[in-house]
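I have placed the structure first, in the form of structure tokens, so that the comments after it can refer back to it.
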Amino acid sequence: MSANRTELVALTRRLVSIPSHEDETAAGDAIESWLRGETDAAVTRDRSGNVLARRGDGEASLALVGHHDVVAPDDSQLVTPEESQVVDGTETDPGYVVDERDGRLYGRGTADMKGSLAAAMVAFRDADPAGELVFASFVGEERGGVGARAAIADGFAPDYAVVGEGSTNYAGDDQTDVVIAHRGRRGSTITARGAAAHASEPESGENAVYRACDAVGVVRGLDAPEATVLGERVRGSVVVTEIAGGTAWNVIPERCTATVDERTVPGERAPLERVEEVDGVEWTVDQDLPPMACRDEAFADAALAAADGAQSATPDHVTKPHATDAGWLAAAGTDCVVVGASEPGEAHTATESVSIDVLRRCRRIYQDLAERWPQE
């Protein structure tokens, strides 16, 4: 095993072992400490807990972007108080279990996304950047992009970014592709109001359930949004996922709600506001995670060339069904691609894992792209 690969595995194991589903502070501390000790970059920790670093110079900047928070682990992924484990030569306090077998690392955050984060850290250190090279590890990605949004509000605005979310095995087996667009998510609530009455005299009231059902009918009649990004088709969806109304079997319901899950695409949305054409119906947006589209074809091609040079397979430009922090960055004007080690079906599972070979591949992609982009 090469020195770089050994170091990459050790760094990934260290980051994964640190709990960060409720409090990201310790994980951020470890990232900040490593960057200060291993690089000559200007390293900062912003008021939200994001870790940022900059090195190199040039008129344009490229950011290697990830996040160090994770979703809550499965019980099997926790080291119990009676146990300990050795990570990076040190016996740790109870934290997350990290296991290595069959060429893969297992544990909460290996795939989403401390493995790719470690690859980005090593690439950030080792690259001879073509322009200003930026590193960013955000907090709160799993809570709607809290850290990314705060950093953007504080002026974080790289010209280009590679976000290390999963792009492996999208277009074929054992290949890491380049995501040039992904869907967003808009979660909303339909609230129908009526007037209560005794069920034996339904004409005396206004049935909120009926009004809600009429609004659901409107949703069912809407076309899913679609878009094309650099020749790749992105198709969204819109669907009612919950409905609740009424208080008793013999009372005409005066209130009924329905939730709507819409997967948005760049530049297009389903016209959900049409549900308000139904009497007594109000529509409110609860969450709106933006989609992403790379608008700079030369940057997308440069990322694909870097990916092609790092593997024997032939990678493709692809789209991704999930929202990432790339959506927030793209909305703020950064041209983004998504390239990372996670494979479909790995993130957020009790058996979450990542391929060590693919982590090494991602490190090479990140470093190569940093050395060839931005172009003069």
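Return a whole-number percent for the relative contact order of the chain, with Cα pairs under 8 Å and 6 or more residues apart as the contact set.
24 percent
Can you compute the modelled spin-label distance between Q287 and D57, with each label point 7 Å from Cα toward Cβ, in nm?
4.4 nm
Helix 3-17 versus the longest principal axis of the chain: what is the Cα-based angle in degrees, 0 to 90, to the nearest 10?
Between helix and principal axis, roughly 40 degrees.
So how much slack lies between R101 and T314, counting 0.36 nm per residue of separation and subtracting their Cα-Cα distance, in nm? Could you put the intermediate results ahead of the total?
Details: separation 213, 0.36 × 213 = 76.68 nm, distance 2.69 nm.
Between R101 and T314, full extension yields 74.0 nm more.
On the full set of protein chains, 1.4 Å probe, figure out the accessible area of W283 and give it in Å² to the nearest 10.
We get 40 Å² for W283.
Using per-residue counts of other Cβ atoms within 10 Å, averaged over each peptide, order 13-20, 257-264, 176-183, 45-52 from highest down.
Taking the mean over residues of other Cβ atoms within 10 Å, the ranking is 176-183, 13-20, 257-264, 45-52.
Quickly rank 71-79, 163-171 as a protection proxy: mean count of other C-beta atoms within 10 Å, highest first.
Values: 71-79: 15.3, 163-171: 26.0.
Going from most to least packed, we get 163-171, 71-79.
In whole Å, how far is the Cα centre of segment 10-47 from that of segment 317-352?
21 Å
Among rounded, prolate and oblate, which fits the chain when a ≥ b ≥ c are the square roots of the eigenvalues of its C-alpha gyration tensor, a/c under 1.5 means rounded, and a/b larger than b/c means prolate?
The shape class here is prolate.
Convert each backbone phi in segment 300-317 into a coupling constant with the Karplus relation 6.51 cos²θ - 1.76 cosθ + 1.60 (shift: θ = phi - 60°), then list the ³J(HN,Hα) values in order as whole Hz, x for Gly and Pro.
For segment 300-317, the Karplus curve yields 4, 5, 5, 5, 5, 5, 5, 5, 5, x, 9, 8, 7, 6, 9, x, 10, 6 Hz.
Remind me, relative contact order of segment 132-218 in percent, using alpha carbon pairs under 8 angstrom and six or more residues apart?
Once normalised by length, the contact order is 13 percent.
What is segment 262-318's relative contact order, in percent, from Cα pairs under 8 angstrom and six or more apart in sequence? Provide the component values of the computation, followed by the final result.
Details: 24 pairs, mean separation 13.9, N = 57.
Contact order relative to length: 24 percent.
Using only the alpha carbons of segment 179-334, determine the length spanned along each of the three principal axes and report them from longest to shortest in whole angstroms.
Principal-axis extents of the Cα atoms in segment 179-334, largest first: 74, 26, 23 Å.
At R0 = 22 Å, how high is the FRET efficiency between D74 and T241 if r is their beta carbon distance? Nearest 0.05 is fine.
Efficiency for this residue pair is about 0.35.
If you roll a 1.4 Å probe over segment 88-214 with all protein chains in place, what percent of the accessible area is carbon or sulfur?
Values: 1810 of 4540 Å².
Carbon and sulfur together cover 40 percent of it.
How high is the FRET efficiency from T6 to E297, r the C-beta distance, R0 51 Å, rounded to 0.05?
According to the calculation, E is roughly 0.85.
If ligands, DNA and RNA are left out, what is the accessible area of R143 with a 1.4 Å probe, given in Å² to the nearest 10?
Rounded to the nearest 10, the figure is 140 Å².
Per-residue ellipticity at 222 nm for the chain, helices alone: DSSP H runs ≥ 4 residues times -39500 (n - 2.57), over residue total, nearest 500 deg cm²/dmol?
The helix-only estimate for the chain comes to -8000 deg cm²/dmol at 222 nm.
Hey, quick one: spin label on R143, modelled 7 Å out along Cα-Cβ, who in segment 13-27 has an amide N within reach, i.e. under 11 Å?
From segment 13-27, the list is 21-25.
Any chance you could run the full-extension gain for C213 through D174? It's 0.36 nm times the residue separation minus the Cα-Cα distance, nm to one decimal.
Gain in length upon complete extension: 9.4 nm.
Ordering H198, H317, H67 from largest to smallest accessible area (1.4 angstrom probe), what's the sequence?
Ranking H198, H317, H67 by accessible area, largest first, yields H198, H317, H67.
Using a Förster distance of 45 Å, how high is the FRET efficiency between E22 and E277, based on the Cβ-Cβ distance and rounded to 0.05? Spell out each step's value before the answer.
Details: r = 43 Å, r/R0 = 0.96.
Once the sixth-power term is evaluated, E becomes 0.55.
Give a residue-ordered list of calculated ³J(HN,Hα) values for segment 128-134 (Karplus: 6.51 cos²θ - 1.76 cosθ + 1.60, θ = phi - 60°; whole Hz; x for Gly, Pro).
9, x, 6, x, 6, 9, 10
Using a basic spin-label model with each label point 7 Å from the Cα along Cα→Cβ, how many nm lie between R372 and H348?
Calculated label separation equals 3.4 nm.
Any chance you could look up the accessible area of C213 with a 1.4 Å probe, heavy atoms only, rounded to 10 Å²?
70 Å²
What is the angle, in °, between the Cα long axis of helix 208-220 and the longest principal axis of the Cα atoms in the chain? Nearest 10 is fine, range 0 to 90.
Between the helix axis and the principal axis of the chain, the angle is about 50 degrees.
The values are calculated or read from the model by the stated rules, or taken from the named source; none is laboratory data. Predicted model only: the values in this text are computed from it and were never measured. Note: ideal-geometry Cβ built from the backbone for every residue, glycine included; neighbour counts use all protein chains shown. The protein model used for the area step is the full one, side chains on, heavy atoms only, and it has no ligands, DNA or RNA in it. Shrake-Rupley method; radii C 1.70, N 1.55, O 1.52, S 1.80 Å.
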